[in-house]
Amino acid sequence: MPDFGAALTGDVRGLRMGVIRELTHGPETDPEVREAVTTAVGVLAGLGARVEEVSLPLVPRAGAAFMALCDSEGTARHLASLRSRPGDYDRGTRRRLLAAGLVPAALLHTAQQARALIRQQMRDALTGHDVLVAPTGHRPAPPIASFTAPITSKAEAAARFFTRRSFTTPAALAGLPALAVPCGFSAAGLPLSLQIMGRRFEDATVLRVGHAYEQTTEWHLRRPAL
């Protein structure tokens with residue numbers, strides 16, 4: 001295993017950093033999130049990183065592709081228990097797994113194709129950049145209660161299940177290392193986060209960028225009053 005600790009030098013001078021346009025400046029991204037991430041990127045630029053925007057047009061589809069694949073695999077794994085002990089699952093998980101069991105094979109094939117294209121776009125972008133950065137989510141961290149609220153429309157279902165996952169799943173679909181670090185709080189006091197993604201097996205570079213940002217800011221030291 002590499003000595004990851006040795007990479008935590010605080011030095012990011014000359015590192016090439018690509019800001020994913022569709023996630024950072026897309027219409028779904030909350031202004032507070034956009035401002036916090038833009039400010040965080042400015043901090044890293046001030047430390048000597050070379051920053052530019054990159055476009056990954058298929059990344060906003062990542063959440064839908066991920067759920068089609070991941071939830072279908074989950075259904076296959078849990079099918080016997082879903083049939084014999086459905087009450088063991090919370091309502092949200094049970095609903096997701098049962099719905100995924102109805103996904104047709106043709107749609108799964110499309111999701112696999114989408115995954116391959118997203119992976120290629122991510123890896124192509126990393127040929128010219130050492131890391132890619134974006135928000136970890138399109139909104140501040142949501143209250144727990146928001147996940148149990150009833151879904152009242154198709155658009156709301158898409159936003160709740162697909163949109164937020166389009167921020168956290170691209171690296172997973174592409175098989176790339178990713179790290180999230182605190183980068184601020186919303187006006188309501190909810191945390192905001194910067195995501196850093198790197199090339200395959202270059203986890204040390206991802207950790208190096210995250211560590212450098214943390215050493216220059218104090219967001220990770222904030223604790224809620226309990």
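What the table below lists for this structure:
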item	result
Residue identified as among the hydrophobic types (A, V, I, L, M, F, W, C) and closer than 17 Å to residue 171 by Cβ among 1, 17	17
Lone qualifier among 33, 103, 41 - being assigned to a helix (DSSP H, G or I), β-branched (Val, Ile, Thr), surrounded by 15 or more Cβ atoms within 10 Å (Cβ to Cβ) and out of contact with any Pro (no Cβ under 7 Å at 6 or more places or on another chain)	41
Among residues of segment 1-20, those that are over 18 Å from residue 124 (Cβ atoms), of a type in the set (Lys, Arg) and not in a loop (DSSP other than H, G, I, E, B), counted	0
Residue 211, sole failed condition from (1) more than 20 Å from the chain's Cα centre (by Cα); (2) of a type outside the set (Val, Ile, Thr); (3) modelled with pLDDT of 95 or more	(1)
Hey, residue 115 at pLDDT 90 or above, crowded, with 20+ Cβ neighbours inside 10 Å and of a type in the set (D, E, K, R) or not	yes
Tabulated pairs, segment 149-164, first more than 16 Å from residue 137 (Cα to Cα), second surrounded by fewer than 13 Cβ atoms within 10 Å (Cβ to Cβ), C-beta under 6 angstrom, 6+ apart or interchain	151/157
Selected residue (criterion: surrounded by the most Cβ atoms within 10 Å (Cβ to Cβ)) from residues of segment 157-209 that are polar (S, T, N, Q) and closer than 30 Å to residue 111 by Cβ	195
Subset of segment 121-148 (residues that are assigned to a helix (DSSP H, G or I), touching a residue at least 12 places away in the same chain (Cβ under 8 Å) and either more than 14 Å from the chain's Cα centre (by Cα) or surrounded by fewer than 17 Cβ atoms within 10 Å (Cβ to Cβ) (or both))	121, 123, 125, 147
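The values are calculated or read from the model by the stated rules, or taken from the named source; none is laboratory data. Fair warning: this is a prediction, and the values are worked out from it, not measured in the lab. Virtual Cβ from ideal backbone geometry, glycine too; neighbours counted across all protein chains shown.
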